[in-house]
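Below is one structure, written out as structure tokens; comments come after it.
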Amino acid sequence: MKFERPRGTRDFPPDDMLPRQLLADTLRSVFESYCYRRIGVPAFEHLELFTEKSGQEITENLYAFQDKSGRRICLRPEATASVARMYANELMHLRKPLKLYYFGPMYRYERPQKGRYREFWQTGAELVGAAGVEADAEVIQLAVDCLDALDLDYRLSVGHLGILRGLLADHGVSEEKQTSLLGAVDRGDTEILKDDEDYRLISCFQDVSYASGVDDLGQFVTDTTTAVASAPRAKDAFAELSELIGVLEKRNVSFSVELGMARGLAYYTGMVFEVSVDGLGAQSQIAGGGRYDCLIETFGGPPTPAVGFAFGFDRLLDACFLQDVAFDRRIIDVAVAPIGDVVRFEAHAIAGELRSRGLRVDVDLAGRKLKAILSQASQEAVPCVVIVGAKDLKEGSVTVRDMRLDAEGNAAQRVVNREAVADAVYELLNS
Ligand code: AMP
């Protein structure tokens with residue numbers, strides 16, 4: 001009996017997994033360079049954790065089910081709600097601001113297509129307990145540093161939900177209606193928007209943008225301040241956004257401001273941002289995030305400002321492939337070739353010594369001939385082969401072969417003392 005994978009899921013054979021691992025390592029090292037600490041959250045949560053803020057409609061896009069005791073459960077579609085729940089339940093005593101990051105699979109019941117899966121991975125960071133522009137800027141900078149560490153070309157757009165929500169709120173539009181309207185804006189649902197009275201309050205911002213380093217900041221600030229003058233909450237939000245623009249420009253971050261950016265998730269309250277990469281097709285957004293100052297309180301914690309973002313890991317990797325980011329595909333530093341059965345014990349002993357010196361070592365287990373081992377090693381770009389032959393070994397030596405060919409196309413090899421094999425291998429790898 002043969003089985004197919006469930007729709008929207010993928011297998012990752014070793015050659016596909018390797019760049020994923022390397023990308024995850026790069027992101028991890030950037031997150032940790034900002035002193036963010038990794039956390040884990042459950043793969044499934046109570047469904048209410050997601051419907052509480054976003055309404056029942058989102059159930060349509062979730063893997064939601066009843067467990068055997070009748071509990072309404074859902075596979076996590078994202079991790080921010082879980083982080084907020086965890087904070088409200090048990091992390092409040094930790095020193096703030098608290099810097100957290102996560103990496104793991106998320107599940108959404110969506111129509112699969114290129115760059116959109118039902119099981120996909122996110123790497124995200126959450127900065128909890130820090131209000132204000134400096135914290136917003138740090139989170140954006142963290143995302144930018146990850147992208148720069150990969151040498152990617154990307155577009156960063158920044159907005160502020162406080163402006164749109166503020167305009168609506170100052171005209172008496174309920175929070176619930178604001179959220180459903182912003183959801184429609186985010187989805188680009190013109191059918192709903194075209195007849196909506198309240199949408200008219202914010203539609204004039206749909207195409208207002210500012211490009212850092214290109215447009216006149218003074219003019220943009222003056223025009224927008226005038227446009228929001230009659231809505232005090234929107235005015236405050238824009239003042240905050242202007243400050244953030246100033247900070248990002250001083251740091252030489254390249255970005256655009258999109259006043260109409262809505263972001264679909266209901267919990268955002270302030271700054272929002274998105275990163276996209278050209279050439280990825282319809283699913284070009286590789287990261288998204290923003291400030292969510294009310295979520296922790298919603299989950300029973302004290303009022304706690306927080307800001308965060310997530311990379312869509314699979315799309316980020318697609319962007320790396322698209323832009324030819326080089327991944328070091330070497331997995332073996334040294335291949336050990338036992339020539340004949342009598343030397344096998346010693347071959348494994350040598351491999352053990354090399355591994356304890358931090359090298360990745362593969363011993364031929366198939367009893368292949370030297371020629372086959374060397375040809376496989378050169379195919380797999382293994383830089384060094386240690387040849388363990390019975391005659392050599394009797395004389396207390398082994399052969400260390402440099403698989404990198406010289407100008408004439410020859411591989412150099414030398415016979416070294418058995419005891420000095422690790423030093424000889426190191427010298428070769430560092431030469
Ligand atoms: P969101 O939590 O919706 O803000 O998504 C954050 C990032 O996750 C997006 O920018 C995408 O890159 C990625 N993402 C969201 N949904 C999917 C999906 N179904 N498949 C692959 N990546 C996704």
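Okay, here's what the table says:
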read-out	value
Pairs beyond 31 Å (Cα-Cα), from LYS371/LYS394; LYS53/LYS235; LYS177/LYS250; LYS53/LYS96; LYS96/LYS250; LYS99/LYS194	LYS177/LYS250; LYS99/LYS194
Kirkwood hydrodynamic radius of region 199-334, Cα pairs, Å	17.6
Filtered trypsin sites (Lys or Arg not before Pro), region 160-251: DSSP coil and at most 13 other beta carbons within 10 Å	ARG251
Computed lengthening from ASP153 to MET92, 0.36 nm per intervening residue step minus Cα-Cα distance	18.2 nm
Between 0 and 90°, nearest 10: helix 232-250 axis offset from the chain longest Cα axis	30
Nearest 10 degrees, 0 to 90: helix 421-430 Cα axis against the chain principal axis	50
Positive minus negative residues near GLN56 (Lys, Arg vs Asp, Glu; Cβ under 14 Å)	-3
Phi to ³J(HN,Hα) by Karplus 6.51 cos²θ - 1.76 cosθ + 1.60 over region 210-225, Hz, x for Gly, Pro	9, 9, 4, x, 10, 7, 8, 4, x, 4, 4, 5, 4, 4, 5, 4
Computed helical MRE - 222 nm, the chain, DSSP H runs ≥ 4 contributing -39500 (n - 2.57), nearest 500	-11500 deg cm²/dmol
FRET efficiency for ALA131 and ASP324, using Cβ-Cβ distance with R0 set to 30 Å, rounded to 0.05	0.15
Convex hull (Cα only) mean projected area of region 110-196, reported in nm² to one decimal	8.8
Shape category assigned to region 144-239 from the gyration tensor of Cα positions, a/c cut at 1.5	oblate
Charge dipole magnitude, Cβ of K and R +1, D and E -1 - region 60-211, Cα centre, debye nearest 20	760
Environment charge of VAL388, counting only residues whose C-beta is closer than 15 Å and scoring Lys/Arg +1, Asp/Glu -1	0
Environment charge at ASP215 (Cβ cut-off 13 Å; Lys +1, Arg +1, Asp -1, Glu -1)	-4
Amide H contacts under 5 Å for VAL228, placed H, 5+ residues apart	none
Order of VAL343, VAL415, VAL128 under a 10 Å beta carbon neighbour criterion, fewest first	VAL415, VAL343, VAL128
Positive-end residue, the chain charge dipole about Cα centroid, Cβ charges, pick of LEU248, PRO232, TYR109	TYR109
For ILE140, ILE339, order by how many other beta-carbon atoms lie within 10 Å, fewest first	ILE339, ILE140
Trypsin sites (Lys or Arg not before Pro) within region 4-82, DSSP loop, no more than 13 other Cβ atoms inside 10 Å	ARG7, ARG10, LYS68, ARG71
Pairwise Cα inverse-distance average, inverted: Kirkwood Rh of the chain (Å)	25.1
Förster radius 45 Å - calculated FRET efficiency between ASN430 and PHE12 (Cβ-Cβ, nearest 0.05)	0.90
Radius of gyration and maximum dimension Dmax of region 350-391, Cα, Å	10.9, 28
Filtered GluC sites (Glu not before Pro), region 69-136: DSSP coil and at most 15 other beta carbons within 10 Å	GLU110
Prolate/oblate/rounded call for region 1-154, Cα gyration tensor, a/c under 1.5 rounded	oblate
Charge-dipole axis of region 1-109 as Lys and Arg at +1 and Asp and Glu at -1 on Cβ define it, positive-most pick from GLN21, LEU98, ASN61	LEU98
The chain: relative contact order as a whole-number percent, Cα under 8 Å and 6+ apart	15
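Read the figures in this text as sums done on the coordinates, not as results from a lab. A quick note: this is a predicted structure, and the numbers were derived from the prediction, not measured. All Cβ positions, even for glycine, are placed from backbone atoms using ideal geometry, and neighbour counts span all protein chains on display.
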